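Each value in this text was obtained by applying a stated rule to the coordinates, not by laboratory testing. Computed from a prediction, not measured in an experiment: that's the story for all the values here. Virtual Cβ from ideal backbone geometry, glycine too; neighbours counted across all protein chains shown.
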Amino acid sequence: MTQESLHRVVALVDAGSNPFELGCATEVFGLRRPELGRDLYDFRLCAATRRIRMRDGFFELAGIAPLDAVDEADTVIVPNRPDIDVPRRPAVLDAIRRAHARGARLVGFCSGAFTLAEAGVLDGRRATAHWQWAARFRSRFPRVHLETDVLFVDDGDILTSAGSAAALDLGLHLVRRDHGAEIANAVSRRLVFAHRDGGQRQFIERPIPDIPDDSLAPLLAWAREHLDRPLSVADLAARMTVSPATLHRRFRVQLGTTPLAWLTGERVTLARRLLERGESRLDVVARRSGLGTATNLRALVRRETGLTPSEYRHRFSRDDAPGRR
């Protein structure tokens, strides 16, 4: 795939931007991927001025692309910064509106939702932002449907994430959406980061555990190795020698989801990876992923991706996937 055919991601930086989210964007979209044998994105930074002072004056950026780089982007990551009450530059907001009007994908990490809302592109749309700013966001932008109990929101061409670390979750979600679960898993491994589903809660209160440790990690690792088995919630509870009710409570506290929802999500992810590896026999994919039947496989893959298993395999198989901008 040539550099010209790569999906172009432009991160728009403005005065006071937070370095962490910018680093997340660079890590996910900007690094070379020699272990994959190809690059995934054409990534660059841009700004409205030649020099940009980052949050709290930590450092300045210089030598990055001018603002008109946004006009050539397939995906635009909008500025985020902690001083949410300071208006964004009119030129920056205009660039975001132009990108939205021509169909570019817009991404807001953390307080980036404020930038998108100020540009007027979130009216009537779903979004999320850091939980501590929820009341102020709703007060300023009542026409936006703010969801504060999730890590990120994928509303098609506009995506937003919650607190800083959720930028990595959303970034990996975009990689999975663009390149499939197998590639996203490879990027996640390189980051040494366990990708979390967007539906998980932003803030989970975790008391200091008593001894012995009641972490779910050993159970999750075991379940992932046995997805081809007809596992049930009762089976998982028996594995941990707790009741199903206790297991359900621990999943809610530690993962913000239910055991059944987690198990189904893991099965669908495995099915997607098998399809990406070129497996065309749906009964085999259904059996190896634990989804049971080809009918169930079709329903769940379509619900998750909007594609049939055959369409998904054709789009993301390493052998079949055409070069995509």
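Highest mean first, what order results for 43-56, 157-170 on Cβ atoms within 10 Å? Could you put the intermediate results ahead of the total?
Numbers: 43-56: 17.2, 157-170: 24.6.
Highest mean packing first, the order is 157-170, 43-56.
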statement: Counted neighbours (other Cβ, 10 Å), sorted fewest up, put Asp154, Asp68, Asp178 in the order Asp68, Asp154, Asp178
- line: Sorted by chain and number, the residues with a modelled amide H under 5 Å from that of Cys110, at a separation of 5 or more or across chains, are Ser161, Ala162
field: Relative contact order of the chain, defined on C-alpha pairs under 8 angstrom at six or more residues apart (%)
entry: 13 percent
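If we sort 12-21, 246-255 on the protection proxy, mean other Cβ atoms within 10 Å, highest first, what's the order?
Details: 12-21: 22.4, 246-255: 16.7.
Result, highest mean Cβ count within 10 Å first: 12-21, 246-255.
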- prompt: Could you give me the ³J(HN,Hα) list for region 105-113, computed from phi with Karplus coefficients 6.51, -1.76, 1.60 and θ = phi - 60°, whole Hz, x at Gly and Pro?
  reply: 7, 10, 10, x, 8, 6, 6, x, 4
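Grab the DSSP H runs of the chain that are 4 residues or longer, score each as -39,500 (n - 2.57), total them, divide by all residues and round the 222 nm result to the nearest 500 deg cm²/dmol.
Helix contribution divided over all residues of the chain: -12000 deg cm²/dmol.
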- prompt: Taking the Cα centre of region 207-325 as the origin, how large is its charge dipole in debye, to the nearest 20, when only Lys and Arg (+1) and Asp and Glu (-1) carry charge on their Cβ atoms?
  reply: 500 debye
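For an R0 of 41 angstrom, estimate the FRET efficiency from the Cβ-Cβ distance between Arg136 and Arg32 and round to the nearest 0.05. Show your work: numbers first, answer last.
On the way: r = 40 Å, r/R0 = 0.96.
According to the calculation, E is roughly 0.55.
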- request: With springs only between Cα atoms under 10 Å apart, run a GNM on the chain and tell me which of Pro87, Pro142, Pro34 wobbles the most.
  value: Pro34
- request: Could you go through region 7-13 in sequence order and give the Karplus-derived ³J(HN,Hα) for each residue, using 6.51 cos²θ - 1.76 cosθ + 1.60 with θ = phi - 60°, rounded to whole Hz, and x for Gly and Pro?
  value: 5, 8, 10, 10, 9, 8, 10
statement: Inter-part gap, Cα centre of region 7-21 to Cα centre of region 128-155, in whole angstrom, is 20 Å
